[in-house]
Amino acid sequence: MNPKKFTHSFALAANFLRMKESDDTHIHDAEKLIKQDAVVTSLVLKECNQVCITNPTLQLSKAIQILGMNEVMKIILHKAMQDISNSNQPQEKNREIIKHSIITACMMEQIARLQNRSAGEAYITGLLHCISLLIMDNENWFKIYNEKKNSNFVKNHILNYSTTSAELLNHWNFPRKMIHTIELHQNLKQKEDVDALYLGCSSLISWNQLLSESHEFKIPEVVTETSGLGTEFWNLCYSSALKSIL
């Protein structure tokens, strides 16, 4: 795994996140930061023009104001993940990892909104929770898993991908709270971090559906038991997530 290869994209995302959360952030600070990456600049302007077809803008600062900081943050992160995707020339399973990440992110965002918490931070946490699976050794992790199920590599990195993802986000200087949540999320029995619990439940629901050969979907019992939230709540979050990505 070579995290340095993708440092620019994710460092930009981490810097933008810290700036976004600062109380004295000015729109021109965001504009200056985004302009460091010509592709991100282009994507923000393009997204804004699609939203405002009747009033297109060529000013980056105006585009940021129209879209909002959370939407711009999403654009930066999706571009960073696309860098990984393009680098790895992903097969179908790699694309499933990205789809899983987006569904999990949308579920986390919906949970946060229902509970009047920070939806933006929840989305980012969900999107990046298994980032290590996309870049470890630039190989397809499903293939590695199937071929080396009992190997130390699988036990140390794939089965414990949350630890590796947390290490990567620490390398890119993301907030400690987010790193801690991702690090804990595979252990659904822990109650130390409620965000980690919600992340673990959301991730499990998404994986179960994506990897299921059946079109029928049922919320795993461990999700309702450990979260204390009923199937109606989780069905709502999952259906909302699917609508967000369609």
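The values are calculated or read from the model by the stated rules, or taken from the named source; none is laboratory data. The model shown is predicted, which means the values in this text are computed figures rather than measured ones. Every residue, glycine among them, receives a Cβ derived from its backbone with ideal geometry; neighbour counts consider all protein chains shown.
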Q: From the list T163, T224, pick out the single residue that is closer than 30 Å to M19 by Cα and either part of a helix (DSSP H, G or I) or modelled with pLDDT of 80 or more (or both).
A: T163
Q: Report the residue count in segment 171-197 for those that are at pLDDT 90 or above and under 19 Å from M81 (Cα atoms).
A: 5
Q) How do the pairs read when you match residues in segment 87-103 that are in a helix (DSSP H, G or I) and surrounded by 15 or more Cβ atoms within 10 Å (Cβ to Cβ) with residues anywhere that are modelled with pLDDT of 85 or more and not hydrophobic (A, V, I, L, M, F, W, C), using Cβ under 6 Å and keeping only pairs 6 or more apart or on different chains? A) H100/S206; I103/S206
Q) If you take the residues of segment 160-198 that are among the polar types (S, T, N, Q) and touching a residue at least 60 places away in the same chain (Cβ under 8 Å), which of them is farthest from C130 (Cα to Cα)? A) N173
Q: Kindly indicate whether any position in segment 91-102 is modelled with pLDDT of 90 or more and under 30 Å from T231 (Cα atoms).
A: yes
